[in-house]
1. Taking the range 227-247, which residues are in contact (Cβ under 8 Å) with a residue 60 or more places away in the chain and assigned to a helix (DSSP H, G or I)?
2. For the range 211-226, what are the residues that are in contact (Cβ under 8 Å) with a residue 60 or more places away in the chain and over 17 Å from the mean Cα position of the chain (by Cα)?
3. Mind listing whichever residues of the range 360-381 are open to solvent by less than 50 Å² (accessible area, probe 1.4 Å) and modelled with pLDDT under 90?
4. I want to confirm something. Restricting to the range 382-437 and keeping residues that are open to solvent by 90 Å² or more (accessible area, probe 1.4 Å) and either touching a Ser or Thr at 6+ places or on another chain (Cβ under 9 Å) or hydrophobic (A, V, I, L, M, F, W, C) (or both), which single residue is farthest from N468 (Cα to Cα)?
5. Looking for something among the aliphatic types (A, V, I, L, M) and more than 22 Å from L290 (Cα to Cα) - is there at least one such residue anywhere in the range 25-37?
6. Is there a residue in the range 203-210 that is more than 16 Å from the chain's Cα centre (by Cα), in the same structural domain as D352 (by the TED database) and open to solvent by less than 10 Å² (accessible area, probe 1.4 Å)?
7. Looking at P252, P244, P300, P293, can you tell me which residue is over 25 Å from I350 (Cβ atoms) and not aromatic (F, W, Y)?
8. Within the range 267-319, how many residues are in a loop (DSSP other than H, G, I, E, B) and either under 30 Å from I146 (Cβ atoms) or in contact (Cβ under 8 Å) with a residue 40 or more places away in the chain (or both)?
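The values are calculated or read from the model by the stated rules, or taken from the named source; none is laboratory data. Keep in mind the model is a prediction, meaning the values are calculated, not measured. FYI the Cβ positions are ideal-geometry reconstructions off the backbone, even for glycines, and counts take in every protein chain you see. Calculation scope for accessible area: heavy atoms of the full protein, side chains included, ligands and nucleic acids excluded. Shrake-Rupley method; radii C 1.70, N 1.55, O 1.52, S 1.80 Å.
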Amino acid sequence: MSYEILEKLKKEISGFKEEKGAREVGIVSEVGDGILRIAGLSAALAQELLSIEADNEKIPALAFNLEENFIGAVILGEGDKVRVGARVLKTGKVLSIKAGDELLGRVVDPLGQPLDGKGVLFAKGTRLPDGQGKDYFLERRAPSVIERESVNTPLHTGIKAIDAMIPIGRGQRELIIGDRQTGKTAIALDTILNQLQDEGRRQVISIYVAIGQKNSKIAKNIAMLEGRGAMKNTIVVSAPASAPASLQYLAPFAGAAIGEYFMDTGRDAVVIYDDLSKHADAYRQLSLLLRRPPGREAYPGDIFYLHARLLERAAKLSKEKGGGSLTALPIIETKLGDVSAYIPTNVISITDGQIYLESGLFYQGIRPAVNVGLSVSRVGSAAQTKAMKKVAGKMRLELAQFRELAAFVQFSSDLDPDTKKKIARGELLTEVLKQTDLEPVPFEKAVVTLYVALSGAMDNVPINKAKNYADGLWDWLEKLHRGDILDAIRKSGDFESEVEEKLKGAVKDYGISAKS
């Protein structure tokens with residue numbers, strides 16, 4: 001009898017086939033705060049896109065935690081309609097965004113949906129035939145060392161202090177770091193505006209990623225870019241403070257994916273992450289809700305890896321790969337100038353230098369409030385133009401000496417003539433480097449202004465009249481020497497001895513006319 005039962009069981013087992021859909025359908029067992037726990041769905045992969053069936057709608061989710069009996073997933077978008085018991089399907093896809101030239105001038109969310117009310121993107125019959133565009137994975141392998149070449153072309157920001165002393169190259173990763181309200185976003189916006197006037201080089205496409213900011217601030221920045229004509233060359237990826245943490249987490253990856261489209265087509269792009277402190281906070285929120293173990297400052301252990309794989313995607317590709325570039329300008333907000341906190345030290349170690357903005361300088365009226373001593377570019381000087389190298393070579397040293405002497409002489413009343421001269425020169429350079437927000441300075445104007453200040457031609461100009469002197473000299477050169485001095489510097493990127501002699505003569509003539 002037992003033999004017959006055994007044979008019967010063997011026959012049943014041999015005829016059994018697992019239904020294909022059984023491993024591809026799961027059930028929501030818990031839901032809350034934008035997080036799901038899904039029973040079943042054992043074949044799901046990490047970072048796979050899932051589809052939740054809720055109220056005749058399909059809501060996307062992202063598989064995060066792959067546990068023994070459950071899957072921890074993050075709802076992308078509004079999760080109010082998701083209920084316990086809802087069916088969850090595998091899609092077999094990884095999260096991607098459609099990128100193309102049609103995005104220029106548009107505001108989108110991290111999933112590529114338009115937010116500006118200007119109509120659908122990549123639809124047939126739009127300004128590009130058949131809605132051209134290419135799907136780019138939000139998470140993508142960074143270009144290898146073989147696929148890259150060294151950074152050799154400048155990315156001019158239009159800020160004299162940065163272009164002269166902390167130059168940024170196309171393909172570099174330069175951190176902008178400082179306390180809140182010290183002008184970090186202003187530097188990023190100046191860089192976007194300056195790409196309109198950086199003639200003689202390939203146009204740079206700007207991608208501005210706003211993470212966790214107020215809607216009003218994002219709208220104000222977009223309106224300013226529209227008004228200045230810069231939006232035609234800019235894409236805004238918006239994940240405001242009102243957006244779910246999942247979208248704030250995805251926003252910088254969406255910006256990098258869009259930038260990679262332009263890099264792959266042989267063009268230059270700059271992506272600004274404003275800011276990665278809020279991005280880290282959003283990731284911490286998701287991780288803690290998914291019950292991942294907290295580490296330092298309650299951030300998950302892989303927060304460093306998260307930012308590393310994001311910023312490593314910035315590159316200058318080799319000519320064989322099309323020669324395109326993607327420059328990353330991440331922004332980090334410090335608390336009371338503490339650069340030794342967890343997230344600031346992480347991002348400092350990933351990037352190729354940092355522009356450190358100091359609140360003390362900001363409140364003294366030195367704007368942009370760049371601390372020259374703590375700011376550094378580990379790549380940019382290789383990409384700096386010959387003209388700027390010639391002019392600004394000694395400038396960093398002179399300013400550093402001035403800062404040291406200025407601190408020292410507070411306790412000394414009797415100064416020798418040499419010290420007095422160095423302090424006067426430092427005060428003049430500090431004044432010359434001051435700049436109003438949203439007024440980027442063309443490269444050739446910066447070269448001329450710094451040359452005149454460093455050559456001693458402005459040594460007798462009172463500090464309070466230095467700005468008027470520099471502006472007047474610029475107008476004089478624009479009217480009388482545009483072709484032989486300004487255009488020559490702009491086109492060649494060099495500051496040849498003939499041009500220098502002409503500039504000396506022009507400065508002398510301007511000095512005589514200013515006195516008369």
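1. M231, K232, N233, A245, S246, L247
2. Answer for the range 211-226, where residues must be in contact (Cβ under 8 Å) with a residue 60 or more places away in the chain and over 17 Å from the mean Cα position of the chain (by Cα): just M224.
3. The answer is V372, V379, G380.
4. It comes out as F411.
5. Scanning the range 25-37 turns up no residue that is among the aliphatic types (A, V, I, L, M) and more than 22 Å from L290 (Cα to Cα).
6. Checked against the condition, which is being more than 16 Å from the chain's Cα centre (by Cα), in the same structural domain as D352 (by the TED database) and open to solvent by less than 10 Å² (accessible area, probe 1.4 Å), the range 203-210 yields no hits at all.
7. Unique residue meeting the criteria: P244.
8. Count: 11.
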